[in-house]
Amino acid sequence: MSAHANTGGAGEPLLRVDDLAVHFETDEGVVKAVDGVSFEVQRGEVLGIVGESGSGKSVANQAIVGLVPRPPGFYPRGRIHFDGQQVLGLSERKLRDIRGNRIAMIFQDPMTSLNPYLKVERQLTELLERHRNLDRRKARTGAIDMLVQVGMPEAERRVDAYPHELSGGMRQRVMIAMALLCEPELLIADEPTTALDVTIQAQVLDLIRDLQARLGTSVILITHDLGVVAGMAHRVAVMYAGRIVEQADTDTLFAAPRHPYTGGLLRSVPRIDSEPGRAIEAIKGLPPNPAALPAGCFFSPRCGRASERCGQVYPDRDGDAGHYVHCHHPLSEGEP
Ligand SMILES: Nc1ncnc2c1ncn2[C@@H]1O[C@H](COP(=O)(O)OP(=O)(O)O)[C@@H](O)[C@H]1O
Ligand SMILES: [Mg+2]
């Protein structure tokens, strides 16, 4: 084996995304959905990616597994290394070896991972036969067991259905079951609980946590819900309008956020200890149109701290890999 075999050495992250840009050619012009995003995921680490809808969370992660539709999408810049191998722009055939095998995904749209021509049973047992070396009968039992765990009603019957015979919520559960059964090295969970009711949400997060603890799986957990990252993620990247505006370990981000946007997100999380009836403080205004981004800091039109400079110059990165922010007037510790 050469020194460059595809198992990374100590300290080599499982995933490294470098200056990634994903743009879309549209009638309105070029949409800069992701524009210069860099992050790493270590082995066994859970990285949370948070931000309002439209901030580029899904597109950035679709790029990792080659699911950005091209056209209209294209990659003006960037590199993505998975286990030392450059994967951005890899052929569909090579990507298929990685996707659903070494990298599993739970996406908002379950149909991207389900095969419409195979019964639920076969989609699940195929993985069990491959990864757990089970015979067909035991695999069927295992499939039903996993369906029960992800809250599939009447699992013993539903295992014989085709995807189109199931409701959206049920398909979501099949997809989650598949992602967990393939025991991936990296699990990308994109709003994994959004379509589910609260009880099932908690069960699904427990299943992900269990997989992560049992197998040391790396996880990218994408959510607009900071409550979800608080209990799961080691580190959090905050995205706004296609860029990461702050990154820190989870405790630091919650205790001492530096970006006013992060502060706003934190204030909009309902807290168990808040007075009943107290309104959740949402961030005023809307994220910018990514085909017409404002000058300077993209958050400045919505920011109470913005100065003239904020409307002119995009702020450089301040801080180190442990905790950094892009802001001309960051919050200091203890500020609300
Ligand atoms: N196929 C596409 N064509 C054009 N624009 C797209 C396409 N997919 C995503 N976008 C745009 O990219 C931006 C980021 O989207 P997305 O990554 O889905 O946001 P998030 O997951 O953070 O809610 C949005 O403005 C969205 O409209
Ligand atoms: Mg999304």
CD proxy, 222 nm, the chain: helix-only mean residue ellipticity via -39,500 (n - 2.57) per DSSP H run with n ≥ 4, per residue, nearest 500, stands at -8500 deg cm²/dmol
Peptides ranked, highest mean first, by Cβ atoms within 10 Å: ranges 38-46, 68-76, 172-180: 172-180, 38-46, 68-76
Taking only the Cα atoms of region 117-182, how large is their convex hull per residue, in Å³? 70
Return one number: the angle in degrees, 0 to 90 and rounded to the nearest 10, between the long axis of the Cα atoms of helix 120-132 and the longest principal axis of the Cα atoms of the chain. 90
Out of Gly169, Thr252, Gly264 - ranked by how far each Cα lies towards the positive end of the dipole of the chain, with unit charges on the beta-carbon of charged residues - the top one is Gly169
For Glu308 and Asn101, extending 7 Å from Cα along the Cα-Cβ vector and measuring point to point gives, in nm, a value of 5.9
Averaged over all directions, how much area does the convex hull of the C-alpha atoms of the chain cover when projected, in nm²? 19.3
Simple Cβ-charge dipole of the chain, Lys/Arg +1 and Asp/Glu -1, about Cα centre, in debye nearest 20: 680
About its Cα centre, what dipole magnitude does region 117-182 give when the only charges are +1 on Lys and Arg Cβ and -1 on Asp and Glu Cβ, stated in debye to the nearest 20? 120
Nearest 10 degrees is fine. How inclined is helix 168-181 to the longest principal axis of the chain, computing both from alpha carbons? 80
Return the sequence-ordered ³J(HN,Hα) values of region 315-322 in whole Hz as given by the Karplus equation 6.51 cos²θ - 1.76 cosθ + 1.60 applied to θ = phi - 60°, using x for Gly and Pro. x, 5, 6, 10, x, 10, 4, x
If you average the sequence gap of Cα pairs under 8 Å that are 6 or more apart and divide by the length of the chain, what percent do you get for the contact order? 19
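Read-outs: derived from the displayed coordinates by stated rules, not from any lab. Note that the structure is a prediction, hence the values are computed from the model and not measured. Using ideal geometry, Cβ is built from the backbone for each residue, glycine included, and neighbour counts are taken over all protein chains shown.
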